[in-house]
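*Asks:* After the structure tokens below, expect a handful of questions from me.
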Amino acid sequence: MATVSRRDFLKLTAIGAGAIGVSELGFDMAHAYEVRQQLRIAGATESHSICPYCAVGCSLIAYTRKNADGSTALLQIEGDPDSPVNEGRLCPKGATAMELANSNRRVEQPKYRAPGASDWQTVSWDFVLDKVAQHIKDSRDRTFVTKDHDGKVVNRCDGIAFAGGAAFSNEEGYFASKVLRSLGLVYLEQQARV
Ligand code: SF4
């Protein structure tokens, strides 16, 4: 026997209830069904994901379809009604998640503004990673404290702080804290606690 998911059941119930109501009002249900088939997400691939913005971790469904040229078009992102976390709802920020992929204002390459410069220049990821690594080393060398005022050995880096993103997985958070504590950082914070 075919199984019906909770979402399918709700859809069928809603369609059934709608059919009774509109038939009584004299609407053409065959035409309504045809219109429903033309939904832009009809037949689209449904992928489940999680909103990247905050620690609530609302579930999303992304609808995609292959273009003729082989690329993938993102048609829609909406809250997942089967999620026990958000039950289909999204806050205004999560509801705009589609803009992360589709906005024409999205910055797709790293930008760098040199000290004293007024303009941003597009640079490579290698350039940025080298720059960050160099700044971390310079700051650590400059601010590393081996002993406190009482002469106790502390070996800590007072000059760098780190704030983790709420979309970190457990593994990413674990990895970041291990790497940063190995450099002597003591000011570690997490967006979800702020
Ligand atoms: S939809 Fe809003 S509340 Fe949910 S995870 Fe995203 S930002 Fe947080």
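Read the figures in this text as sums done on the coordinates, not as results from a lab. Because the structure is a prediction, the values reported are computed rather than measured. Quick reminder, even Gly has a Cβ in these numbers, built from the backbone with ideal geometry, and neighbours come from all protein chains shown.
*Asks:* Would you kindly state how much longer the chain becomes between Gln38 and Ser182 on full extension, computed as 0.36 nm times their sequence separation minus their alpha carbon distance, in nm to one decimal?
*Replies:* On the way: separation 144, 0.36 × 144 = 51.84 nm, distance 5.67 nm.
Full-extension gain reported as 46.2 nm.
*Asks:* Can you give the local net charge around Asn86? Use residues other than it whose beta-carbon is closer than 12 angstrom to its beta-carbon, Lys and Arg +1, Asp and Glu -1.
*Replies:* Numbers: positive: Arg89; negative: Glu78, Asp80, Asp82, Glu87.
So the environment of Asn86 carries a net charge of -3.
*Asks:* Now for a separate question. Express the relative contact order of region 126-193 as a whole percentage, based on alpha carbon pairs under 8 Å and six or more residues apart in sequence.
*Replies:* Numbers: 69 pairs, mean separation 20.9, N = 68.
Over region 126-193, the number comes to 31 percent.
*Asks:* Simple spin-label model, 7 Å along Cα-to-Cβ: Arg140 to Asp69 in nm?
*Replies:* 4.4
*Asks:* In whole Hz, what ³J(HN,Hα) sequence does region 62-74 give by Karplus (6.51, -1.76, 1.60; θ = phi - 60°), x for Gly and Pro?
*Replies:* With the stated coefficients, region 62-74 comes to 10, 9, 10, 8, 6, 7, 4, 7, x, 6, 10, 9, 8 Hz.
*Asks:* For region 131-180, which trypsin sites (Lys or Arg not before Pro) pass both filters: DSSP loop (anything but H, G, I, E, B) and at most 11 other C-beta atoms within 10 Å?
*Replies:* Answer by residue number: Lys152.
*Asks:* Separate question: In nm, give the distance between the simple-model label positions of Glu171 and Thr45, each being 7 Å from the Cα along the Cα-to-Cβ direction.
*Replies:* A separation of 2.2 nm, rounded to one decimal place.
*Asks:* Right, here's the next one. Could you list the chymotrypsin sites (Phe, Trp or Tyr not before Pro) in region 81-189 that lie in coil according to DSSP, counting only those with at most 14 other Cβ atoms within 10 Å of their Cβ?
*Replies:* Trp120
*Asks:* Right, something else. Residues in region 120-145 near a label at Tyr112, defined as backbone nitrogen under 12 Å from the 7 Å Cα→Cβ point?
*Replies:* Within reach of a label on Tyr112, which here means backbone N under 12 Å from a point 7 Å along Cα→Cβ, region 120-145 contributes 121-135.
*Asks:* Further question: Work out the charge dipole of region 126-193 with +1 on the Cβ of Lys and Arg and -1 on the Cβ of Asp and Glu about the Cα centre, then indicate which of Val186, Ile136, Val154 is farthest towards its positive end.
*Replies:* So the residue we want is Val154.
*Asks:* Could you list the trypsin sites (Lys or Arg not before Pro) in region 61-94 that lie in coil according to DSSP, counting only those with at most 15 other Cβ atoms within 10 Å of their Cβ?
*Replies:* Arg89
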